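**Student:** Input: one structure, supplied below.
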């Protein structure tokens, strides 16, 4: 089955809200859900003016039937440049032993599938990659921000709330399992989206990410059913229904769903299991409504089945189609016999570390792709440096224009910069919107370096080959600098 791979790098913190946290807080998932990328691709099609019909192919096959599965994007191991996987719930370490980040020694991780070690143990959580008896443990970096909502002039009290978001700069790798006839269209959509907006609080500086390293590979890996027991590992949360049609995150419901793929398992076939539950939901931005909440089996859950109870056909069906409901959103991803070792020598990897690069001789097609990636990174670096140069210039802002009044223009520019194709019309549209209002008089009287602010804004037009994005960043940097300079003069 063709598999489309892609890499997401967060340019801003991402708030992919889970159902946990206090009422006045939002806590992000530690990964990018497949439903988020599925919605982003649907949004890209709609912005291109295409009408989507969920009841007919190819739209139904691409996004709604489950034939195409958008798997979760998990954090990248920066050393191996690989997609990590959730740590199995059967992994433990010695309870009172220092973690590898607290000592110079590697950490011994044991798999309870193969027996329990002596002494007290503690579960290992997070994400990992394995190579033989070596394991790399990766923890996602998070950012905690406190925001305030000021009381309005009409009355009421202000609110303090907290965002627990994914830190910017991290990379995540995701996969899309699709039919051969859909691979080209999905590749076109992904490669055409240089930037994508993810999650909530987008107008507050959250959610912008870059899509890169998109490539198509044939997923020809087959589950190995050898002489030992069959170990099933959940690589994502699974929403299961039992024989009565009720959502049940239980062993009985898991066996029932597995049997829908051609097996005939019973409780007597289970040698061991390590299960945990969680609550999953979601949000539909089209309806602006939350999705129904469902109890589910948590990622990392492990089921050990006796040898001879699972056929090759059933195991391949679990891998290809997933198990349970909402498989198109990344739920129900499984691995068969991934856990092959009883003990691992584990090291903790800094997720923000740079990958180790080696000198390789690339094929012609790969060399072209690498040059394109390097050119894009060089252009982005030059853009940031260009904005920094202008932000260092000392512009004076004179007049009664308040900080909040100037912030409205800067917010409009920031919203425009998050679009795939920003336009200079954001400046003229803003000035039209405030015409005849109190803010219009403030902008008319304000001067920047002795020149009327409106006139200065009209003069900021891109040169023949200058990108619009660069000009908007320059305007925003100058306004920010002038705003800070005005604040310092007011303090004196």
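**Student:** Quick check on my filter: what residues within the range 23-42 are in contact (Cβ under 8 Å) with a residue 12 or more places away in the chain and more than 13 Å from the chain's Cα centre (by Cα)?
**Tutor:** Once the filter is applied, which keeps residues that are in contact (Cβ under 8 Å) with a residue 12 or more places away in the chain and more than 13 Å from the chain's Cα centre (by Cα), the range 23-42 yields 24, 25, 26, 27, 41, 42.
**Student:** Looking only at the range 206-235, filter to residues that are in contact with a helix residue (DSSP H, G or I) (Cβ under 7 Å, 6 or more places away or on another chain) and not in a strand (DSSP E or B); which one of those is farthest from residue 91 (Cα to Cα)?
**Tutor:** The extreme case among them is 222.
**Student:** Let me ask another. What number goes with the only condition from (1) surrounded by fewer than 17 Cβ atoms within 10 Å (Cβ to Cβ); (2) within 29 Å of residue 293 (Cβ to Cβ) that residue 51 does not pass?
**Tutor:** (2)
**Student:** Let me ask you something else. Residues that are modelled with pLDDT of 90 or more, in the same structural domain as residue 297 (by TED's automatic domain parsing) and within 17 Å of the chain's Cα centre (by Cα): does the range 236-243 have at least one?
**Tutor:** yes
**Student:** Are there any pairs, at least 6 apart or on different chains, whose C-beta atoms fall under 6 Å, with the first in the range 422-442 and surrounded by 15 or more Cβ atoms within 10 Å (Cβ to Cβ) and the second at pLDDT below 85 and assigned to a loop (DSSP other than H, G, I, E, B), and if so, which?
**Tutor:** From residues that are surrounded by 15 or more Cβ atoms within 10 Å (Cβ to Cβ), the pairs are 442/400; 442/401.
**Student:** Specify which of the listed residues (262, 245) is in contact with a helix residue (DSSP H, G or I) (Cβ under 9 Å, 6 or more places away or on another chain) and either in a loop (DSSP other than H, G, I, E, B) or surrounded by fewer than 14 Cβ atoms within 10 Å (Cβ to Cβ) (or both).
**Tutor:** 262
**Student:** Could you please find all residues in the range 124-144 being closer than 16 Å to residue 233 by Cα and assigned to a strand (DSSP E or B)?
**Tutor:** Answer for the range 124-144, where residues must be closer than 16 Å to residue 233 by Cα and assigned to a strand (DSSP E or B): 127, 128, 129, 130.
**Student:** Something else now. Out of curiosity, is residue 199 modelled with pLDDT under 90, in contact with a strand residue (DSSP E or B) (Cβ under 8 Å, 6 or more places away or on another chain) and not assigned by TED's automatic domain parsing to the domain that holds residue 313?
**Tutor:** Taking the combined requirement at face value, the residue satisfies it.
**Student:** Here's another thing I want to ask about it. Before we move on, is residue 61 surrounded by fewer than 20 Cβ atoms within 10 Å (Cβ to Cβ), under 24 Å from the mean Cα position of the chain (by Cα) and within 23 Å of residue 273 (Cβ to Cβ)?
**Tutor:** Criteria not met by residue 61.
**Student:** Related question: For the range 267-317, list the strands (runs of 3 or more DSSP E) that sit wholly inside it and hold at least 2 residues that are buried (at least 20 other Cβ atoms within 10 Å of the Cβ); which are they?
**Tutor:** 294-297, 302-305
**Student:** To continue, here is another question. If residue 191 satisfies every condition in (1) out of contact with any helix residue (DSSP H, G or I) (no Cβ under 7 Å at 6 or more places or on another chain); (2) crowded, with 19+ Cβ neighbours inside 10 Å; (3) more than 24 Å from residue 25 (Cα to Cα) but one, which is the exception?
**Tutor:** The failed condition is (2).
**Student:** Residue 401: touching a residue at least 12 places away in the same chain (Cβ under 8 Å), under 28 Å from residue 11 (Cα atoms), in contact with a helix residue (DSSP H, G or I) (Cβ under 7 Å, 6 or more places away or on another chain) and surrounded by 13 or more Cβ atoms within 10 Å (Cβ to Cβ), yes or no?
**Tutor:** No.
**Student:** Based on what the data block shows, is residue 61 part of a helix (DSSP H, G or I) and farther than 16 Å from residue 172 by Cβ?
**Tutor:** Here the answer is yes, as residue 61 does meet what is asked.
**Student:** Oh, and also: May I ask you to list the residues in the range 168-183 that are closer than 17 Å to residue 36 by Cβ and out of contact with any helix residue (DSSP H, G or I) (no Cβ under 8 Å at 6 or more places or on another chain)?
**Tutor:** Passing the criteria: 168, 170, 171, 172, 173, 175.
The values are calculated or read from the model by the stated rules, or taken from the named source; none is laboratory data. Small disclaimer: the values here were computed from a predicted structure and weren't measured. Glycine gets a Cβ as well: all are built from the backbone with ideal geometry, and neighbour counts include every protein chain shown.
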